[in-house]
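Participant: My questions will all concern the structure given below.
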Amino acid sequence: MTSSPRTFAGWIGYWSVERPSAQAWGCLCRDEVTWSSWLDVRSWMMSIVEFFRRMDVKTGDRVVSILPNSAAWIAIDAACSAVNAIHVPLPPNGTSEWIHSACNQVAPRCVLTTENFVGVKELPCFEEKGCPVITIATEPNQSPHHCMLDPFDSMNASIDVPQVDRVDLDATFNILFTSGTSGSPKGVMLSHRSLMLNAEAKLDAMPQYVDDLRLNLLPFSHAYARTCEVSTWAISGSRMLCSQNLKQFWQLAPNIQPTLINAVPAIYHTIYSETVRGASQNSLGRFSMENQTPLKSAIESRLGSNIRMLASGGATLPEKIFEFFEQAGLPIHQGYGLTEASPVVCSTRWNEGRAGSVGPPVKHVQIRIDDDRILWIKGPTIMKGYWNNPKATQQRIVDGWLNTNDIVEIDSQGGLRILGRSDDIIVLSTGRKIAPLPIESALLQCEGVRAAVVIGEGQPFLTAIIFSGHWEVMSDQERLRTIDETLHQFASYMRPKRCVVINTFPSDQPDLFNPKGSPKRKAFEKLLEKLS
């Protein structure tokens, strides 16, 4: 090829020619990792292309997948890229009501899922609408005999190679549904161009290479992993292995020795908490730079000794966690984005991260901040709009500028600091308006705090909900005194006057936090009503 590919399918085709036998995709089978090559990945893509041909999938048709992160997910996405169909990936852990709502919105040509999907028995209603529901094998060498589609059977592959880079780059490639924390879920239309340009911009900020090995945990159906895992993997020609759950992630990391990990703050918080809990104050010397070796060893015992780059997104990374990893010589690179922006808006550059900063805008992204400190962005990586919802699109995109709804400030070095969402602003009964994120970020610095959520809409004062086992044994007076001391720089009305402690991990509360780790504030308000 004389020029770089411009589509996801194009990159897979590129590596299948340039490095056909190189390892690309890892699969865990009976506690052993087997590797498939880029030529194998291309074969899987072509198998789905042939399936689409038999199903008469046309340009613009929607193909819904309800699959775990898997080789099949990659094959479907690439095949949609090749034939200009629209891939609509839905998370298999979504509720049946949510899944049905999304499917009904996009009117798919077909639905691809597995027999392990708990709602599979409820999907035949789509058969009545002329939308077949197909069960598919998810990984090579693990194909159930009764699955209807096996993309890993070479007999299924198409002989003809499609002109994978001759699609309309501005056509919709993915419809990704928002998490719905700030309203009902909407289908975000992202084009080939927006997704690939955004992945290239992320690689410009954080370079990755063919000999990198990424261990994935984030769901591909969300924009963070769609771009920062799937697309960057394809462009860089590196290797990827997926863990299907958190337990498997912790088992795999020290064994496969990854070089790249993208995660949400909860992963890094776990390592920090276990290190603090498992080591004495004397051995770590208050985490000072002269004691970098034991700190790094503690991290490597969980993530392996080949870590080259750690990245965090989806929610605010507490400064104490950033400083802990930085002192160990393994700084965490932070970023900021939203689904409507493909999703990366800002990213720290290689070895230039700072606590609290998500870095400057990435390539192709223009920014402006209005009088209310709300961030607006513009460029080729913003969404085409919301699927079948022009009213919501017009409310969000004004004169080509996308309203992020996030309140920000620019630091002295040109990086952005996220202060909260405009629709998260808490209005007390006294009329005071408060952005909760800076308060929550400060509370995360307290020892033993796994998560902190501040609520108080319509109330005379704020309430802090603290996730911590350590705080559970404290008296109410001790908790409020700790909060006051921690928030001494905040105005009195911004310091919570009530504290509720929950002794669980945020990851165990899917009804209270979205997959990215952001709190569902309405759910917390209802919880507080029950506890009152």
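The values are calculated or read from the model by the stated rules, or taken from the named source; none is laboratory data. Quantities reported herein were computed from a predicted structural model and do not represent experimental measurements. Cβ sites come from the backbone with ideal geometry, for glycine too, and all protein chains shown count toward neighbours. Surface accessibility is based on the protein's heavy atoms, side chains included, excluding ligands, DNA and RNA. Shrake-Rupley method; radii C 1.70, N 1.55, O 1.52, S 1.80 Å.
Participant: Scan region 52-67 for residues that are out of contact with any Cys (no Cβ under 8 Å at 6 or more places or on another chain) and either farther than 22 Å from Cys147 by Cβ or open to solvent by 10 Å² or more (accessible area, probe 1.4 Å) (or both) and report the count.
Facilitator: Result for region 52-67: 8.
Participant: Would you check if Gly469 is out of contact with any helix residue (DSSP H, G or I) (no Cβ under 8 Å at 6 or more places or on another chain), buried (at least 21 other Cβ atoms within 10 Å of the Cβ) and either within 16 Å of Leu317 (Cβ to Cβ) or modelled with pLDDT under 90 (or both)?
Facilitator: No, not satisfied.
Participant: A further question on this structure: When you check Pro151 against the structure, is it in contact with a strand residue (DSSP E or B) (Cβ under 9 Å, 6 or more places away or on another chain), assigned to a loop (DSSP other than H, G, I, E, B) and either at pLDDT below 80 or open to solvent by less than 20 Å² (accessible area, probe 1.4 Å) (or both), yes or no?
Facilitator: In short, yes.
Participant: Check region 430-453 and report whether any residue there is of a type in the set (A, V, I, L, M, F, W, C), in a loop (DSSP other than H, G, I, E, B) and surrounded by fewer than 17 Cβ atoms within 10 Å (Cβ to Cβ).
Facilitator: No, that holds for no residue.
Participant: I'd like to check something: does region 410-419 contain any residue that is within 25 Å of Asp170 (Cβ to Cβ), of a type in the set (Val, Ile, Thr) and buried (at least 19 other Cβ atoms within 10 Å of the Cβ)?
Facilitator: Looking through region 410-419, none of the residues is within 25 Å of Asp170 (Cβ to Cβ), of a type in the set (Val, Ile, Thr) and buried (at least 19 other Cβ atoms within 10 Å of the Cβ).
Participant: Oh, and also: Which of the residues belonging to region 230-253 are over 23 Å from Val17 (Cβ atoms) and either hydrophobic (A, V, I, L, M, F, W, C) or buried (at least 22 other Cβ atoms within 10 Å of the Cβ) (or both)?
Facilitator: Leu241, Cys242, Leu246, Phe249, Trp250, Leu252, Ala253
Participant: Restricting to region 1-33, give me the number of residues that are within 27 Å of the chain's Cα centre (by Cα), surrounded by 15 or more Cβ atoms within 10 Å (Cβ to Cβ) and either in a helix (DSSP H, G or I) or of a type in the set (Ser, Thr, Tyr) (or both).
Facilitator: 9
Participant: Identify the residue in region 459-489 that is part of a loop (DSSP other than H, G, I, E, B) and within 32 Å of the chain's Cα centre (by Cα) and, among all such residues, is nearest to Ser422 (Cα to Cα).
Facilitator: Leu462
Participant: Has region 104-112 got any residue that is free of Cβ contacts under 8 Å to residues at least 40 places away in the same chain and open to solvent by 10 Å² or more (accessible area, probe 1.4 Å)?
Facilitator: yes
Participant: What residue, of Tyr272, Tyr336, is under 21 Å from Leu444 (Cβ atoms), part of a helix (DSSP H, G or I) and modelled with pLDDT of 85 or more?
Facilitator: From the options Tyr272, Tyr336, the qualifying one is Tyr272.
Participant: Another question about this same structure. Quick one: count up the residues across region 309-331 that are within 28 Å of Arg193 (Cα to Cα) and open to solvent by less than 20 Å² (accessible area, probe 1.4 Å).
Facilitator: Looking only at that region, the number is 5.
Participant: Could you figure out which of (1) within 24 Å of Leu195 (Cα to Cα); (2) open to solvent by 30 Å² or more (accessible area, probe 1.4 Å) isn't true of Arg302?
Facilitator: Of the numbered conditions (1) within 24 Å of Leu195 (Cα to Cα); (2) open to solvent by 30 Å² or more (accessible area, probe 1.4 Å), the odd one out for Arg302 is (1).
Participant: Related question: For region 377-398, indicate whether the set of residues that are farther than 30 Å from Thr172 by Cβ and over 23 Å from the mean Cα position of the chain (by Cα) is non-empty.
Facilitator: No: region 377-398 contains no residue that is farther than 30 Å from Thr172 by Cβ and over 23 Å from the mean Cα position of the chain (by Cα).
Participant: Got a number for residues in region 35-65 being touching a Gly at 6+ places or on another chain (Cβ under 9 Å) and either aromatic (Phe, Trp, Tyr) or at pLDDT below 95 (or both)?
Facilitator: The number of residues fulfilling the criteria is 2.
Participant: Among the residues of region 517-532, count how many are open to solvent by less than 70 Å² (accessible area, probe 1.4 Å) and assigned to a loop (DSSP other than H, G, I, E, B).
Facilitator: 3
Participant: Separate question: Only one of Leu402, Leu462, Leu480 is free of Cβ contacts under 8 Å to residues at least 24 places away in the same chain and either surrounded by 14 or more Cβ atoms within 10 Å (Cβ to Cβ) or basic (Lys, Arg) (or both). Can you tell me which?
Facilitator: Answer to the check: Leu480.
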